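The values are calculated or read from the model by the stated rules, or taken from the named source; none is laboratory data. Everything quoted here is computed from the prediction, not taken from an experiment. Note: ideal-geometry Cβ built from the backbone for every residue, glycine included; neighbour counts use all protein chains shown.
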Amino acid sequence: MNCLCLKKNLLILFLLFVPVIFIHADDYGVITGNNVRIRSEASTKSSIAGELFKGMKVKIVEEVKGENILGSEKWYKITHFSFYEEGFVHSKFLALGNEKEAFLKTFNKNQFDNQLKEIFSAKEIKKINEFEALFQNIKTAEDLEKAFRLGKKNMDGLSETLDQYYQKKLSSKKIEEGKLYIGWIIHYLPAHASILVAEGTTLQFTYFLSDFLEKAKTTKDPVDEKIIQLLIDIYGSVEYYSPSWFMMTWDYGGDSLLGSGIHLKLLKEIESLVLSSRLFSQELLEIQKNILTDIQDSLNYHETREAIIKEIKQILGEIKLTSEQKKQLEQRLKDFENPKKELNTNCKDYENSKCSYG
């Protein structure tokens, strides 16, 4: 597992382990040891970016010459996380080609069973095993939808337990903040990532959506692939609560991007997908609801009032809405045409805008 600090304005996102990255067979390697440190440079004297565990797959960027370890100067620059953060691992901890295939045939995840039991109860492990079996045996779009929903159903409870374990380790000073290395858990919970939220104080699970995308590519129905790609476009490969129609400017808020065209584009895509298939209909309609809520309830808007008015009119003219949704959107249009004091627009003009946060 590793820790990535991604700063987007004031937002800090910590990813606490390297998710499996599906790539061409010739481009990835498999970690052959536990607690293998990722270095910022090809040297043991460089800073530690995190740790990897047996059986984890990482993308190979290039072979490089570095510090001599046990007679070898061969290191590999690797890509990890969905954000393509790069690091270095010595070749002795990485299996490639035939060695990789041989290692995977003999690899047994059961070596991590005790660590799993240390965190989760028997009842929770049963849920974890049910999800893993369902995910690994996805054959149809319906299977993928079922696995996706089961994981979501279990996620809050498992996140609460994981955070309790993390807080206990912190309070006992057994780990430093942000350094709970549990990358091995990907073997039990595929398509899951763990992140620190709430200013880096709370640990929770989220989806690594790229894993679902790869599964979707194996089914015959093209719709599930389009839906998962839409989710990635909205939330990123590692699903996070800040969607693409909203700009986080601090940990608990930010600006709506209404007026940039994103709301209209997403509403059109959702409408098309809902009309073409019943797959993920409740998830898509929930996203539609959230987009409309952003339009109606936000107080800070990144774009100009003119651009916002234009997009609202386009949505009213091009998107099929319920009578209540249309009524609310028409009222919001009037709010912008006759500006209310509490509505802040053109927040991108930081020097002159009246937008405030926190």
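Does residue 257 satisfy the criteria of being outside the structural domain of residue 135 (by TED's automatic domain parsing), touching a residue at least 40 places away in the same chain (Cβ under 8 Å) and not acidic (Asp, Glu)? So residue 257 fits the description; yes.
Mind checking which residues of the stretch 247-265 are touching a helix residue (DSSP H, G or I) at 6+ places or on another chain (Cβ under 6 Å) and of a type in the set (A, V, I, L, M)? The answer is 258, 264.
Is it the case, given these coordinates, that residue 314 is surrounded by 15 or more Cβ atoms within 10 Å (Cβ to Cβ), farther than 30 Å from residue 146 by Cα and at pLDDT 95 or above? Here the answer is yes, as residue 314 does meet what is asked. Counting only residues that are surrounded by 14 or more Cβ atoms within 10 Å (Cβ to Cβ), part of a helix (DSSP H, G or I) and small (Gly, Ala, Ser), the stretch 142-181 holds 4 of them. Considering the stretch 60-106, the residues that are part of a loop (DSSP other than H, G, I, E, B) and crowded, with 16+ Cβ neighbours inside 10 Å include one that is modelled with the lowest pLDDT, namely 82. Screening 327, 348, 334, 341 for residues that are assigned to a loop (DSSP other than H, G, I, E, B) and under 17 Å from residue 296 (Cα atoms) leaves exactly one candidate, 341.
Considering 123, 139, the condition of being at pLDDT 95 or above, surrounded by fewer than 15 Cβ atoms within 10 Å (Cβ to Cβ) and either polar (S, T, N, Q) or in a helix (DSSP H, G or I) (or both) is satisfied by 123 alone. For the stretch 190-201, the criterion of being in a helix (DSSP H, G or I) and either without any contact (Cβ under 8 Å) to a residue 24 or more places away in the chain or more than 30 Å from residue 350 (Cα to Cα) (or both) is satisfied by no residue at all.
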